[in-house]
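A quick write-up on the structure given underneath.
The values are calculated or read from the model by the stated rules, or taken from the named source; none is laboratory data. A quick note: this is a predicted structure, and the numbers were derived from the prediction, not measured. Cβ placement follows ideal geometry from the backbone for every residue including glycine, while neighbour counts extend to all protein chains displayed. These accessible areas exclude ligands, DNA and RNA; they are computed on the full protein's heavy atoms, side chains included. Shrake-Rupley method; radii C 1.70, N 1.55, O 1.52, S 1.80 Å.
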Amino acid sequence: MILFPAIDLKNGQCVRLEQGDMARATVFNLNPAAQAQSFVEQGFEYLHVVDLDGAFAGKPVNAEAVEAMLKTIRIPVQLGGGIRDLKTVEAWLDKGITRVIIGTAAVRDPELVKSAAKKFPGRVAVGLDARDGKVAVEGWAETSQVTVLEIARRFEDAGVAAIVFTDIARDGLLKGLNLDATIALADAISIPVIASGGLASIEDVKAMLTPRANKLAGAIAGRALYDGRLDPAAALTLIRDARRS
């Protein structure tokens, strides 16, 4: 299991939103590259980055901040937000992003995901963000009529590296992960699933390490890390011990 610290970018700054609402953004660091370096120093192995402005604009907006992070740190980075065509996928991978996350385009243009995953094996993930079980798109501004499972099943044999599943109702609110829905999704498909939205404390990390959650590939931690509710050293020690056993 990998614990991904999250950096969400808005206007070149590191922020956290509540329930995906751009009007409810808290700025946590004016320097995303410094924040990324801090996560490396805390012992994290893989960084999760979202270009929030890009998700709304449909194209990369915070490229400068992302590139500064890539120059600063040496751990792998997965990036989502505004990735809607093969050219953008290719450009980010060329710049040093380890894995791109395709969200809105996975709903609107599943063939893009399939062709990208075929061209770049192991380097394309799908971001599925759910509001009441239905997938939301365009930076969560719109809710579609399709369920997360329906979309996920489209990519069963496409070579997708992971599904990043976010429960929007919990995101940024520190209510705890929606493990029931996340595990149900992981049990229904063969693609690895990463849990996102609401991770609040060390209890969530412990829950991720129980036998019922053993199909999950990881979890994303955001506000709990910035607020100091989740001790990185304690969380990473738990995960390392679980790997050994």
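Brief remarks follow.
- Scanning region 172-191 for residues that are assigned to a loop (DSSP other than H, G, I, E, B) and at pLDDT 95 or above yields a count of 3.
- Pairing residues of region 102-119 that are free of Cβ contacts under 8 Å to residues at least 60 places away in the same chain and more than 20 Å from Ile194 (Cα to Cα) with residues that are of a type in the set (Val, Ile, Thr) and not in a helix (DSSP H, G or I), at Cβ distances under 8 Å and at least 6 apart in sequence or on separate chains, gives Arg108/Val137; Leu112/Ile102.
- Residue within region 158-171 that is aromatic (Phe, Trp, Tyr) and in contact with a Pro (Cβ under 8 Å, 6 or more places away or on another chain) present: no
- Only one of Ala162, Ala235 that is open to solvent by less than 10 Å² (accessible area, probe 1.4 Å), under 14 Å from the mean Cα position of the chain (by Cα) and farther than 25 Å from Ala25 by Cα: Ala162
- Just so you know, in region 135-159 the residues that are assigned to a loop (DSSP other than H, G, I, E, B) and within 18 Å of Ile191 (Cβ to Cβ) include one that is least open to solvent (accessible area, probe 1.4 Å), and it is Phe155.
- Scanning region 192-203 for residues that are buried (at least 23 other Cβ atoms within 10 Å of the Cβ) and closer than 19 Å to Tyr46 by Cβ, we see that the one that is modelled with the lowest pLDDT is Gly197.
- Condition met for Gly218 (closer than 15 Å to Asn178 by Cα, outside any loop (DSSP other than H, G, I, E, B) and open to solvent by less than 50 Å² (accessible area, probe 1.4 Å)): yes
- Test: residue in region 61-70 that is farther than 19 Å from Asp227 by Cβ and of a type in the set (S, T, N, Q): yes
- Positions within region 168-182 being of a type outside the set (A, V, I, L, M) and open to solvent by less than 20 Å² (accessible area, probe 1.4 Å), in sequence order: Asp171, Gly172, Gly176, Thr182
- Being touching a strand residue (DSSP E or B) at 6+ places or on another chain (Cβ under 7 Å) and either at pLDDT below 95 or under 21 Å from Gly198 (Cα atoms) (or both) is a property that does not hold for Leu70.
- Helices (runs of 4 or more DSSP H) enclosed by region 14-131 - at least 1 residues per element that are surrounded by 22 or more Cβ atoms within 10 Å (Cβ to Cβ) and hydroxyl-bearing (Ser, Thr, Tyr): 104-108
- Take the conditions (1) over 24 Å from Gln37 (Cβ atoms); (2) among the hydrophobic types (A, V, I, L, M, F, W, C); (3) in contact (Cβ under 8 Å) with a residue 60 or more places away in the chain; Ala219 misses just one of them, which is (1).
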